[in-house]
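These notes concern the structure reproduced below.
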Amino acid sequence: MSGPEDLARRTLTEAPADLLIDRLAGELKGAYQITRVELYQVDYRLAELLPLAGGEPIASPGHPAWRCFDHQEPIVADGVGWFPVGMRGERRGVLRLSPVPDDPAAVHELDAIATALGHELAAVSPSTDIYLIARRSRRLTLAAEMQWELLPGRSRIRPSFRLAGQLEPAYAVRGDSFDWSDDGHRLLLSVINGSGEGVAAAMLTSLGTHALRNARRAELGLADQAALADQAIYALHRGAQHLSALLLELDLASGLLTVVDAGSPRLVLLRDGEVSEQVLEKQFPLGMFEGTDYREQKFQLRRGDRLFVVSDGVVDATGQQVRYGETALDRFLRRTGPMEPLDAVRSLLGDLRAFVAGDLVDDAVVVCLDWLGPQP
């Protein structure tokens, strides 16, 4: 016999894309006597939780909704419950339910239902705009729309690694981007430090990203992936436009990291509380010259290592005519040790926004990768 949790999951699976919350609310009312169901999605800047049905956003860090989002666990107080909504490490928001039964088993079931909602939101989002629209506190520029559509997500968790990335200025980003894929044996990651303005920058980054994906899906090695993307960009622009990129491949059984630096963003290692920049062999950006041969470097990661990839928009951010710089960056990265990767990324970019007293002028991308060690 199916229990309330199974029925709720089936309801979500069978509901029309635009009626997920309505149908779920009906199921929860019958099974748990819950009368209020609201979905809050995190916005593009990771700064606000926006209600799907409209109303006031939640921006205060001390709010129970943010504690739920940050710690990824249910928060229940005075009959009101907040439950994390996400899937495979990708945090989409929180679900507000009331009144929540004073029963640990029911809270556990509701937590699982909120996770099922996260999976269903990911499944229906390509076919409807209502959830994407509700995540915006302002309009995205066309270039930013293109950039966000390129991304694989903002965070990923597996037993052997944790990964997160973010773009700024979130609503007007132009050329910076990142991409990743894992197959259980390897994690492949690319970070692009784009150039140019507006839609032209977004189109160049899109070409580079799709060329790298095409090579990756043909199971080419890292150097050959760079070479194929280099050829694709050069064939179209003849060297007039090019992309700086960093390509990484992490062997999930050994922690061996393979890297190709194509005029790349900065790669920083946080190990045992100490920050150091990884010395890379600087090679030509993608598309600068015809027929560039790229070379791979290899580094051995230790269990517990954390890697950051940061673009020059982070280091060169300027506030009150003062540059943020490597010293401030290293000091801040050292403080992120106890944080989850997404929280570390969000905190760094929040610190940058505070430093410049507003949105960043230049594009910035930050990616954080934790190597947790080989798993059975």
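In segment 172-195, the residue that is nearest to Ala226 (Cα to Cα) out of those that are assigned to a loop (DSSP other than H, G, I, E, B) and in contact with a helix residue (DSSP H, G or I) (Cβ under 6 Å, 6 or more places away or on another chain) is Gly194. Among the residues making up segment 297-335, those that are in contact with an Asp or Glu (Cβ under 8 Å, 6 or more places away or on another chain) and hydroxyl-bearing (Ser, Thr, Tyr) are Ser311, Tyr324. Being in the same structural domain as Ala201 (by TED's automatic domain parsing), modelled with pLDDT under 95 and either surrounded by 21 or more Cβ atoms within 10 Å (Cβ to Cβ) or assigned to a loop (DSSP other than H, G, I, E, B) (or both) holds for only one residue in Ser264, Ser254, and it is Ser264. Every condition in (1) in a loop (DSSP other than H, G, I, E, B); (2) within 19 Å of Gly221 (Cβ to Cβ) holds for Lys298 except the one numbered (1). Of all the residues in segment 267-286, those that are among the hydrophobic types (A, V, I, L, M, F, W, C) and either farther than 17 Å from Pro341 by Cβ or not assigned by TED's automatic domain parsing to the domain that holds Leu212 (or both) number 4.
Between Gly86, Gly30, Gly81, the distinction of being part of a helix (DSSP H, G or I) and not β-branched (Val, Ile, Thr) belongs to Gly30 only.
Segment 304-376 holds helices (runs of 4 or more DSSP H) entirely within its bounds, and those carrying 2 or more residues that are among the acidic types (Asp, Glu) map to 325-335, 341-356. Just checking, does segment 95-105 include any residue being surrounded by fewer than 22 Cβ atoms within 10 Å (Cβ to Cβ), part of a helix (DSSP H, G or I) and out of contact with any helix residue (DSSP H, G or I) (no Cβ under 8 Å at 6 or more places or on another chain)? Checking segment 95-105: at least one residue is surrounded by fewer than 22 Cβ atoms within 10 Å (Cβ to Cβ), part of a helix (DSSP H, G or I) and out of contact with any helix residue (DSSP H, G or I) (no Cβ under 8 Å at 6 or more places or on another chain). Tell me yes or no: at least one residue of segment 144-153 is at pLDDT 95 or above, within 16 Å of Cys368 (Cβ to Cβ) and in a strand (DSSP E or B). No, segment 144-153 contains no residue that is at pLDDT 95 or above, within 16 Å of Cys368 (Cβ to Cβ) and in a strand (DSSP E or B).
Per this entry, Ser206 is not counted among residues that are small (Gly, Ala, Ser) and within 27 Å of Thr336 (Cα to Cα).
If you check Ser347 against the conditions, is it among the polar types (S, T, N, Q) and either surrounded by fewer than 19 Cβ atoms within 10 Å (Cβ to Cβ) or more than 18 Å from the chain's Cα centre (by Cα) (or both)?
Details: among the polar types (S, T, N, Q): yes; either surrounded by fewer than 19 Cβ atoms within 10 Å (Cβ to Cβ) or more than 18 Å from the chain's Cα centre (by Cα) (or both): yes.
For Ser347, the condition - among the polar types (S, T, N, Q) and either surrounded by fewer than 19 Cβ atoms within 10 Å (Cβ to Cβ) or more than 18 Å from the chain's Cα centre (by Cα) (or both) - is met.
Taken as a whole, the structure leaves Val199 outside the set of residues that are part of a strand (DSSP E or B), in contact with a Leu (Cβ under 7 Å, 6 or more places away or on another chain) and outside the structural domain of Gly86 (by TED's automatic domain parsing). Picking from residues in segment 267-277 that are without any contact (Cβ under 8 Å) to a residue 40 or more places away in the chain and of a type outside the set (D, E, K, R), the one that is surrounded by the fewest Cβ atoms within 10 Å (Cβ to Cβ) is Ser276.
The values are calculated or read from the model by the stated rules, or taken from the named source; none is laboratory data. Note that the structure is predicted; figures quoted are calculated from it, not measured. Cβ sites come from the backbone with ideal geometry, for glycine too, and all protein chains shown count toward neighbours.
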